[in-house]
Amino acid sequence: MTALLELEQLHYRFPGGAEPALRGASLRLEAGRRVALLGRNGAGKSTLLLHANGLLRPSSGQVRVAGEPLVYTRRGLLAARRQVGLVFQNPDDQLFSASVAQDISFGPLNLGLDVAEARRRVAEAAALCEVHDLLDRPTHALSGGQKLRVALAGVLAMAPRVILADEVTSGLDPWMRRQVFAIFNRLIAQGVTVLLATHDLSVARQWADLVAVMEAGQVVAVAPSAEVFRDAELRRLIGADE
Amino acid sequence: MHIIDRYAYSNAIRELDPAQKGGLALIAMLFCLALDHPAVGLLTLVWMFALATLWAQVPARAFGRALLAEAPFLLLSLVGVALSVSLAPLVSPALQLGPFWIGSSAESLALATRLFTRALGCAAALNFLILTTPLLDLIELLRRLRVPETLIDLMSLTYRAIFVLLESLQRMATAQDARLGYAGPWRALRSAGLLGSQLFLDAYRRSQRLQMALESRGLAGPLRVLPLDYRRDRRARWFGAALAASLLLAGAWR
Ligand SMILES: Nc1ncnc2c1ncn2[C@@H]1O[C@H](COP(=O)(O)OP(=O)(O)O)[C@@H](O)[C@H]1O
Ligand SMILES: [Mg+2]
């Protein structure tokens, strides 16, 4: 079975960065998985996610989406972004429109869908993320949790097969977190793969079926969460030990 | 900013097509400017107050406060027109102040009155519009009027950025305050300077992340979004006609 998303031996150094941010990071995601990406601050989690979406281009290594190598042209990037959606850590960085409905419609229209289809996608994504009653509220009047769900809806409206979420649950209260995970679980049931970068070990333990661990620009392990928590070295890397 | 925004989003005609609300305000302003008569300005004020409070259900207090905020600017510009300062008593009545004579003539007073009522009418019309129509809808209206897309994108991004920046501003100021950053005038000055540069950096970094986020959703040239849905109200036409007719009558009155 070909993987939905393959990152192979990615190397990357930020312009002006002293150390490389990625040194041969590899990851393979199949359909319908729930993956937690762990690793201390600066391990390279965000950088890896930006590569998966074609926002950064590796100096060496390859990104493959549904078996096809990512082509860094406008068209190639759009094809990849149709399949791989990225939710940023701070929804205020992602929501650009003062209108919730218009913000969610941005992705579908960029995919070249007509107005009627885009409207349908907006309604569907808004219902899935439980923001349908916020559609005509101004963005700046929303709470943090509401903003996150709107940002998520904006990505889901493009109907991607992989959702990459960068530490989105960190600032949420327990109720909001449950709501977000309920959305994730609904997506997974539809065959979407969800990868969540997080520092929350209970998420890795209870929610994820696969845990990827990053350290110094490499993915040092990808394993079922029980295995990761048994391994003394991995426990140390994810901060599970005192 | 916040207070106007609040009514703009919560008034009774929020859902109304901004073209209708904008049309009413435009009629009022055009007549105020074209018909040079104090009664027109005053009648416009009455009309706009009535539309805002009775039709849109904006509290009279909010309308009054917006107008009061503008009043000093109006009055200040009037003083220059109504009064003349000279070294000799050219007009009467005139008041001597040291070597200067400050005076006012019947003509200049009449001119000032006309200017004031005119400006008042225009201000009232604008207040009606911004108290009932969120900026978002006004931008949408401009989009429909085929204003260049770059300009539209710039306006909508700026509008959104204002609120994000206000939030950072509040957060940073609170953090400084908690560490006694505003105890004493010198420290306050230093803190304010620091805040300004921080805010600039914050805005710059945000714009970079926003760019990435937009690209990840397939940004391609202008920001494409769905048009907003509005309700149209047939009464708006009648209001427009009655407004125009009554202002014409007032302008013809001698
Ligand atoms: N915009 C940037 N410019 C330069 N260096 C960066 C930038 N973003 C991240 N880095 C560096 O890249 C490394 C990986 O960062 P990041 O991917 O953000 O880690 P994580 O998300 O796991 O905390 C860090 O050493 C960080 O300092
Ligand atoms: Mg990160």
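The values are calculated or read from the model by the stated rules, or taken from the named source; none is laboratory data. Bear in mind the structure is a predicted one, so any value in this text is a computation, not a measurement. Note that we place each Cβ from the backbone using ideal geometry, even for glycine, and neighbour counts take in every protein chain shown. Note: accessible area is taken over every heavy atom of the protein model, side chains too, but ligands, DNA and RNA are not part of it. Shrake-Rupley method; radii C 1.70, N 1.55, O 1.52, S 1.80 Å.
Scanning segment A:79-94 for residues that are without any contact (Cβ under 8 Å) to a residue 60 or more places away in the chain and more than 7 Å from chain B (Cβ to nearest Cβ) turns up A:ALA79, A:ALA80, A:ASN90.
Going through segment B:191-230 one residue at a time, which ones are among the hydroxyl-bearing types (Ser, Thr, Tyr), within 12 Å of chain A (Cβ to nearest Cβ) and surrounded by fewer than 15 Cβ atoms within 10 Å (Cβ to Cβ)? Steps first, please.
If we filter segment B:191-230 for residues that are among the hydroxyl-bearing types (Ser, Thr, Tyr), which is where we start, we get B:191, B:197, B:204, B:207, B:216, B:230.
Checking which are within 12 Å of chain A (Cβ to nearest Cβ) leaves us with B:207, B:216, B:230.
Correct list: B:SER207 only.
Any residue in segment B:124-131 that is among the β-branched types (Val, Ile, Thr) and surrounded by 16 or more Cβ atoms within 10 Å (Cβ to Cβ)? So that I can check it myself, show each step before the final result.
To start, the set of residues in segment B:124-131 that are among the β-branched types (Val, Ile, Thr) comprises B:130.
Next cut, surrounded by 16 or more Cβ atoms within 10 Å (Cβ to Cβ) only: B:130.
Yes, because at least one residue in segment B:124-131 is among the β-branched types (Val, Ile, Thr) and surrounded by 16 or more Cβ atoms within 10 Å (Cβ to Cβ).
When you scan segment A:95-140, how many residues do you find that are open to solvent by 50 Å² or more (accessible area, probe 1.4 Å), facing another protein chain (nearest Cβ under 10 Å) and within 20 Å of B:PRO134 (Cβ to Cβ)? The number of residues fulfilling the criteria is 2.
Against the list (1) within 14 Å of chain B (Cβ to nearest Cβ); (2) at pLDDT 95 or above, the condition A:GLY171 fails is (2). Taking segment A:14-32 as the range and being outside any loop (DSSP other than H, G, I, E, B), over 12 Å from A:HIS51 (Cα atoms) and either among the polar types (S, T, N, Q) or touching a Gly at 6+ places or on another chain (Cβ under 8 Å) (or both) as the test, the residues that pass are A:ARG23, A:GLY24. Residues of segment B:137-168 that are without any contact (Cβ under 8 Å) to a residue 60 or more places away in the chain, over 21 Å from B:GLY196 (Cβ atoms) and loosely packed, with under 15 Cβ neighbours inside 10 Å: B:LEU145, B:ARG146, B:VAL147, B:PRO148, B:LEU151, B:LEU154.
For segment A:45-95, enumerate the residues that are assigned to a loop (DSSP other than H, G, I, E, B) and more than 16 Å from ligand 2 (Cβ to nearest atom). First the steps, then the outcome.
Of all residues in segment A:45-95, those assigned to a loop (DSSP other than H, G, I, E, B) come to A:53-59, A:66-67, A:70-73, A:88-90, A:95.
Residues satisfying the conditions are A:GLY54, A:ARG57, A:PRO58, A:SER59, A:ALA66, A:GLY67, A:LEU70, A:VAL71, A:TYR72, A:THR73, A:LEU95.
Beta carbons closer than 6 Å, at least 6 apart along the sequence or on distinct chains, pair a first residue in segment A:4-25 that is within 14 Å of chain B (Cβ to nearest Cβ) and within 13 Å of ligand 1 (Cβ to nearest atom) with a second that is open to solvent by less than 30 Å² (accessible area, probe 1.4 Å) and not in a strand (DSSP E or B) for A:PHE14/A:ALA21. Among the residues of segment A:31-64, those that are more than 9 Å from ligand 1 (Cβ to nearest atom), open to solvent by 50 Å² or more (accessible area, probe 1.4 Å) and over 26 Å from A:ARG75 (Cβ atoms) comprise A:ARG33, A:ARG34.
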